[in-house]
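The values are calculated or read from the model by the stated rules, or taken from the named source; none is laboratory data. Given the structure is predicted, the values throughout are model-derived calculations rather than measurements. Cβ atoms come from the backbone with ideal geometry, glycine included; neighbour counts cover every protein chain shown.
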């Protein structure tokens, strides 16, 4: 389990994380979402003991990372796939990590095979593509078979097959009862991967909820199909709804499903479909974080 308690991190006059608190529980993939500069990477670095908090704390299984004797056995992380000496082979890179935590070479070969780098294990990392480096970073994260895992933008550089592979891996790790925290800018990918989401902006927690509830909070409209759409549209408009008509379909905003159904019944208009449509994860994310974006191109979100 990961616990972040009133975490604050300042760099001079810049506050990267501002009194942030949340808990990441085992058995599910938790998405860590926010615009650039929201504090996601800084928070992950604080959890991993790479950044010292200005105040507050970040704990793994109730302890600070620095207090864990053999950390690879308890927590693994992919924070920067490029942070590998290019002159080393993939095997040598993992081997020295393994030796530092009492892990045998058989495990090194096992994780290289699991991430698809078995055939490239003796090649120098300097010749790896970004996607291969990402896979090597995942191998390092799971090397000690830890119960807690952090992934910062893990799909960067991966092709479609690789993206599906990392998605399935993270979900499999969570299904084994592990704690999995993953940050990403790809909202469509998070919709397929995460069970629970943390949304941050300017270093503060904006929302913490399930993936399904996040979209449900931003109900957009109701799709209605009727053989008498014009009559129903007139009744709905009189009741104060905003209605757009397309053939036998109506898109209705301002009334919920029950209100539309009751109104149709009262006017004797048959209805063949009533479908509430929630915002996509991307739409919900933009609505939540719109006021916390520091840099926006001209014309964006208008």
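Computed values, structure above
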| quantity | calculated |
| --- | --- |
| The listed residue being surrounded by 18 or more Cβ atoms within 10 Å (Cβ to Cβ) and not in a helix (DSSP H, G or I), out of 198, 169 | 198 |
| Selected residue [more than 25 Å from residue 75 (Cα to Cα) and at pLDDT 95 or above] from 173, 232 | 232 |
| Condition broken by residue 22, with the remaining ones in (1) at pLDDT 95 or above; (2) touching a helix residue (DSSP H, G or I) at 6+ places or on another chain (Cβ under 7 Å) satisfied | (2) |
| Selection within segment 121-143 - touching a strand residue (DSSP E or B) at 6+ places or on another chain (Cβ under 6 Å) and either surrounded by 18 or more Cβ atoms within 10 Å (Cβ to Cβ) or part of a helix (DSSP H, G or I) (or both) | 137, 138, 141, 142 |
| Meets criteria (outside any helix (DSSP H, G or I), modelled with pLDDT under 95, in contact with a strand residue (DSSP E or B) (Cβ under 9 Å, 6 or more places away or on another chain) and surrounded by 18 or more Cβ atoms within 10 Å (Cβ to Cβ)) for residue 146 | no |
| Filtered residue count, segment 25-49, keeping only those that are within 19 Å of residue 185 (Cβ to Cβ) and touching a helix residue (DSSP H, G or I) at 6+ places or on another chain (Cβ under 9 Å) | 9 |
